[in-house]
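The values are calculated or read from the model by the stated rules, or taken from the named source; none is laboratory data. In this text the structure is predicted, and so the values were computed from the model without any measurement. Counting neighbours? That spans all protein chains shown, and the Cβs are built from the backbone with ideal geometry, glycine included.
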Protein chains: 2
Amino acid sequence: MPYFDAASAAPLHPVARQALLASLDEGWADPARLYREGRRARLLLDAAREAAAEAVGCRPDELVFTPSGTRAVHAGISGSLAGRRRVGNRLVVSAVEHSSVLHAAESHAATGGAVTEVPVGRTGAVDPDVFAAALGAGDAGDAGTVALACLQSANHEVGTEQPVAEVAEACRAAGVPLLVDAAQSLGWGPVEGGWSLLAASAHKWGGPAGVGLLAVRKGVRFAPQGPLDERESGRAPGFENLPGIVAAAASLRAVRAEAAAEGARLRALVDRIRARVPELVPDVEVVGDLVRRLPHLVTFSCLYVDGETVLHELDREGFSVSSGSSCTSSTLTPSHVLRAMGVLSEGNVRVSLPAGTAEEDVDRFLDVLPAVVAGVRERLGAPTRPSAAASAPGGGSLVVDALGRRCPIPVIELAKVIGDVPVGGTVTVLADDAAARLDIPAWCEMRGQEYVGESPAAGGGVAYVVRRTS
Amino acid sequence: MPYFDAASAAPLHPVARQALLASLDEGWADPARLYREGRRARLLLDAAREAAAEAVGCRPDELVFTPSGTRAVHAGISGSLAGRRRVGNRLVVSAVEHSSVLHAAESHAATGGAVTEVPVGRTGAVDPDVFAAALGAGDAGDAGTVALACLQSANHEVGTEQPVAEVAEACRAAGVPLLVDAAQSLGWGPVEGGWSLLAASAHKWGGPAGVGLLAVRKGVRFAPQGPLDERESGRAPGFENLPGIVAAAASLRAVRAEAAAEGARLRALVDRIRARVPELVPDVEVVGDLVRRLPHLVTFSCLYVDGETVLHELDREGFSVSSGSSCTSSTLTPSHVLRAMGVLSEGNVRVSLPAGTAEEDVDRFLDVLPAVVAGVRERLGAPTRPSAAASAPGGGSLVVDALGRRCPIPVIELAKVIGDVPVGGTVTVLADDAAARLDIPAWCEMRGQEYVGESPAAGGGVAYVVRRTS
């Protein structure tokens, strides 16, 4: 049963399992104690720290283990902001960071801090020059010098690699520490460039859940927040999850040894998906950067389907994938990453291949996908290409009322009637679904129609205006 | 090789190991995902929560899993204080709480909160009436109504059970929520009484490291602090350590099933240690409550020895125990628990028997202990009973300069010369070791001499005055 959601959690690597088992017997005692069980635990902890530090590219005394990647990010950001409080109070983040970073930024803002969000382009990458500009003094009316900048090494939803080395150089020039969230990439290789702090999560590389890591370079000002605790240099309170830590470090070393070969193999499989999906499925947008991307991850969005039904149908076919569509979110808003990129969110599918994915499984995925999408479209009454004849009965403009209808219905209704207005005429879609704001412009871009703009409509909705250009 | 430090960390229970192994294969995926691996993980998480809630005595939706007992305490205290911020800003804790509670209290005080520490008696228990009195309005000049009270179910260093039910009743009457740190007792049984919040730690009951739990009763005001996260009802950020959680819940159920029988068996072994140690080793104080105590834990202190050397010698003999003596602490201060109780801290030994401890191992411990203590005393030149003859060459008073000497030397020097002053005369000990403040009065109590008091001495030390009364 092919599991294609490694970016959420990778199945446990065999080396992790082996190391975990061994350290259940050897590593359960308190490493702070001086008796033999404690000394044994301390040796295991020290060895794990050395192995992890080597893989990260830092000194062992710069690295602590945390209970998760999320906690590593939270501790890294709060500790770093507090350490530089006298210098400034502004946090700079990219718009496509993981929610752990963005929630830490919200928390900073809620306690009086300033936050600057750096936008991304259509591939999901920040522009180093734009990022560098954000490191300057704060906007008028918005207090403070930049205390910390955060940039992921690669995006978790679309796989795009960020220009970390260039941004790190800009941060160095501006005297601002850079925290890199390396959760998605650390298994594939060390993060290049002069970062100051780095966070990662073991279950993303095939280690066990319950282990993250936080590296803080010597010389970076850092003041751990929250109650004092002596463990992990005071940066990660609570009794160490030693068997998990040992398994995390051992599996990081193991996946690194396999990374070059397995990365090349998975990259070829992802290339196949990237090339074949638009051929096999009409009205698809493959998103993210074609070249600068994680080897194992590809994301595409399908017009006229809802992500939840596609996921459900793929699950029935045995494929586990994830989606950034609004219908799969508890808040009914599309993924902030797709929004920041300005790409289609409806019918969104993220495929992230775990190490060892069989070629046949990828081929079978490509076999079943077209029928799955076609089936959902048929049930939703989606238009088939080409759209209707150019003779418009209603004259130069039409209004479509999609109020109260959820994604992908507003876009389907738009596509159904665009052929009913003459070239130069407009269709106005009334909608109150959050995804429409992203997906109507994205549909225009995909279909070569002109997106005119939006304005408030009666009844709490929004009127989206589209001009037919072809 | 007998390990007698279960109160630090218990060896993994076989059921925990079994459950962990099973859920490594079944429970690695994200329980928030809708595909089959995610649904399977969700089922495991739900079942673990139900089992843990049943053992705790709460509803499943009142209980979340945290990465450690320490994190459960920190989250419980900060969330509860924030939830009641409009009501008041005072935190009441007992003086013998675990460091995780006391550090959270320090953190509260550092951010402008008020803290009241409730003292304990010589057995280590709070007096419910004294605790109740502390729930009233704050002292003059010290702002605020009580927002939260914390009391451990049983003490981690001396095993004394606290009167939780009585204190919970007092809290209910005062309208103050009570957080119970049940880390040491939860494996033995549920916490009685009307507590509002409860924290515990799996590796104390034979579960794996990396799992704590926090229960918050419905109706208790609670506002989680730090960045938002959707997992665990927003109370414990980060990807769930599911294999650990499953193992924790399974082992809690297993240890509970064995608790009555194993508790009775260990209680008899501890009774044997309590009775035999003072017979076998001269100048020993067994501390804690004789009756209201954990079944598996006993603590005693030996005059004229240092805890670190005793631990080291016992480790050489194959016994792993811990100590609250200052020489085993990184801060060179005696355990805050022993200090609050006002009992001897030098030569302190805590024995906490894990489930399954063999009777022979306890007997062998009693065999080797006397020679270990005698050996250390001999090397330190400790006085042997009875102390020297009553004829005093130096007249009515003597001064002993122990400045710069560490525990147990100041007490040894005092004991050496007490016989050199006449009954009614005094010995003044000059010392700058933190343990002297506790151990000189404790020595007086043990030896029936009068502790007169202390005053500052030249050179940064303290002059402790003892009057010979027998």
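Just a few scattered comments:
- Answer residue from the range A:103-119, given it is within 14 Å of chain B (Cβ to nearest Cβ) and in contact with a strand residue (DSSP E or B) (Cβ under 7 Å, 6 or more places away or on another chain) and is surrounded by the fewest Cβ atoms within 10 Å (Cβ to Cβ) among those: A:Ala109
- Looking only at residues of the range B:333-353 that are surrounded by fewer than 22 Cβ atoms within 10 Å (Cβ to Cβ) and within 14 Å of another protein chain (Cβ to nearest Cβ), we find that the one that is farthest from B:Arg272 (Cα to Cα) is B:Thr333.
- Scanning the range A:17-49 for residues that are assigned to a loop (DSSP other than H, G, I, E, B) and of a type in the set (D, E, K, R) yields A:Asp30, A:Arg33.
Here is a yes/no grid of residues against (1) assigned by TED's automatic domain parsing to the domain that holds B:His296; (2) crowded, with 20+ Cβ neighbours inside 10 Å; (3) in contact with a helix residue (DSSP H, G or I) (Cβ under 7 Å, 6 or more places away or on another chain):
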site: B:Gly121; (1), (2), (3): no, no, no
site: B:Val130; (1), (2), (3): no, no, no
site: B:Gln162; (1), (2), (3): no, yes, no
site: B:Pro177; (1), (2), (3): no, yes, yes
site: B:Val191; (1), (2), (3): no, yes, yes
site: B:Gly194; (1), (2), (3): no, no, yes
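- Within the range A:1-16, not a single residue is at the interface with chain B (Cβ under 7 Å from one of its Cβ atoms) and assigned to a helix (DSSP H, G or I).
- Restricting attention to the range B:26-42 and to residues that are more than 8 Å from every other protein chain (Cβ to nearest Cβ) and charged (D, E, K, R), the residue that is farthest from A:Leu242 (Cα to Cα) turns out to be B:Arg39.
- Selection status of A:Pro408, surrounded by fewer than 19 Cβ atoms within 10 Å (Cβ to Cβ) and either within 20 Å of A:Leu303 (Cα to Cα) or modelled with pLDDT of 95 or more (or both): no
- Looking only at the range A:257-276, residues that are more than 21 Å from the chain's Cα centre (by Cα) and either within 16 Å of A:Phe4 (Cβ to Cβ) or acidic (Asp, Glu) (or both) come to 6 in all.
- Residue check for B:Glu169: free of Cβ contacts under 8 Å to residues at least 60 places away in the same chain, within 21 Å of the chain's Cα centre (by Cα) and surrounded by fewer than 24 Cβ atoms within 10 Å (Cβ to Cβ): no
- Taking every residue in the range B:300-325 that is within 8 Å of chain A (Cβ to nearest Cβ) and more than 16 Å from B:Val284 (Cα to Cα) and pairing it with any residue that is charged (D, E, K, R) and in a helix (DSSP H, G or I), at least 6 positions away or on another chain, the pairs with Cβ-Cβ distances below 6 Å are B:Ser320/A:Glu37.
- Scope the range B:301-333; condition closer than 28 Å to B:Trp188 by Cα and either part of a loop (DSSP other than H, G, I, E, B) or within 14 Å of the chain's Cα centre (by Cα) (or both); matching residues: B:Gly318, B:Phe319, B:Val321, B:Ser322, B:Ser323, B:Gly324, B:Ser325
- Selection of the range A:8-29 for residues being buried (at least 22 other Cβ atoms within 10 Å of the Cβ), of a type outside the set (A, V, I, L, M) and under 21 Å from A:Arg231 (Cα atoms) yields A:Ser23, A:Gly27, A:Trp28.
- Flag if B:Val281 is aliphatic (A, V, I, L, M) and surrounded by 23 or more Cβ atoms within 10 Å (Cβ to Cβ): no
- The set of residues in the range B:183-195 being in contact (Cβ under 8 Å) with a residue 40 or more places away in the chain and closer than 19 Å to B:Val126 by Cα consists of B:Ala183, B:Gln184, B:Ser185, B:Val191.
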